[in-house]
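Engineer: Quick one: the structure is below, questions incoming.
The values are calculated or read from the model by the stated rules, or taken from the named source; none is laboratory data. Owing to the predicted nature of the structure, the values given are computational and were not obtained by experimental measurement. Because the Cβ atoms are built from the backbone with ideal geometry, glycine has one as well, and the counts that use them run over all protein chains shown.
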């Protein structure tokens, strides 16, 4: 297996991506202390890109600095978990509404391709492909909102959401039908239905990943999501 340092992308970006992956997959546990020397050896890079990665991940809320003791993976309490869940539902709802209203030709093409790829992966039981598609689906909707600030904020909140429940869920296959329904609503330019389906989807996923969450119901045309 090659080290981060042997790849050809920006070393700083590769180091950030790999540390983020280790945190989101639960390989670096909440509360675990990290230091530049051990992580540089683990990733096969110098200490400078590790130091830069720590700063980037601290800005994303995944690690926190401890004076004279390096950094540690963030460990948040139940209240913070509930707030992050609530924020994600609200932000994803805003993103899908704007994406549906804007719905330009490039977005429609990307969504149609996603629909075809996801349906094929679901039919063949390719969980790895569905897992990758899940990330790209949510990222696509954030970018399609037309707001870089919203897309960046949503990415950070989504990462926090995965981190706080101990990593990305392995149960990805069952959610494809929900993704497909959201895509079809966007393609039909039905923003109310797309928002309602996204809220239901996220509420269900939060319950499945981290136990019942005290997320208040969000009004979607009289639909009770509590």
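Engineer: Are any residues in region 47-69 under 20 Å from the mean Cα position of the chain (by Cα) and either part of a helix (DSSP H, G or I) or closer than 23 Å to residue 140 by Cβ (or both), and if so, which ones?
Structural biologist: Going residue by residue through region 47-69, those that are under 20 Å from the mean Cα position of the chain (by Cα) are 53-64.
Those that are under 20 Å from the mean Cα position of the chain (by Cα) and either part of a helix (DSSP H, G or I) or closer than 23 Å to residue 140 by Cβ (or both): 53, 54, 55, 56, 57, 58, 59, 60, 61, 62.
Engineer: Going through 60, 82 one at a time, which residue ends up being more than 20 Å from residue 189 (Cβ to Cβ) and either crowded, with 20+ Cβ neighbours inside 10 Å or not assigned by TED's automatic domain parsing to the domain that holds residue 203 (or both)? I'd like the intermediate steps shown before the answer.
Structural biologist: Numbers: 82 fails: either crowded, with 20+ Cβ neighbours inside 10 Å or not assigned by TED's automatic domain parsing to the domain that holds residue 203 (or both).
Unique residue meeting the criteria: 60.
Engineer: For residue 42, all conditions in the list (1) touching a helix residue (DSSP H, G or I) at 6+ places or on another chain (Cβ under 8 Å); (2) within 15 Å of residue 16 (Cα to Cα); (3) surrounded by 15 or more Cβ atoms within 10 Å (Cβ to Cβ) hold save one; what is the number of the exception?
Structural biologist: (1)
Engineer: From the list 97, 42, 88, 72, which one is more than 20 Å from residue 201 (Cα to Cα), in a helix (DSSP H, G or I) and modelled with pLDDT of 90 or more? Walk me through how you get there before you give the answer.
Structural biologist: Numbers: 97 fails: more than 20 Å from residue 201 (Cα to Cα); 88 fails: more than 20 Å from residue 201 (Cα to Cα); 72 fails: in a helix (DSSP H, G or I).
Step by step, each of 97, 42, 88, 72 is checked, and only 42 is more than 20 Å from residue 201 (Cα to Cα), in a helix (DSSP H, G or I) and modelled with pLDDT of 90 or more.
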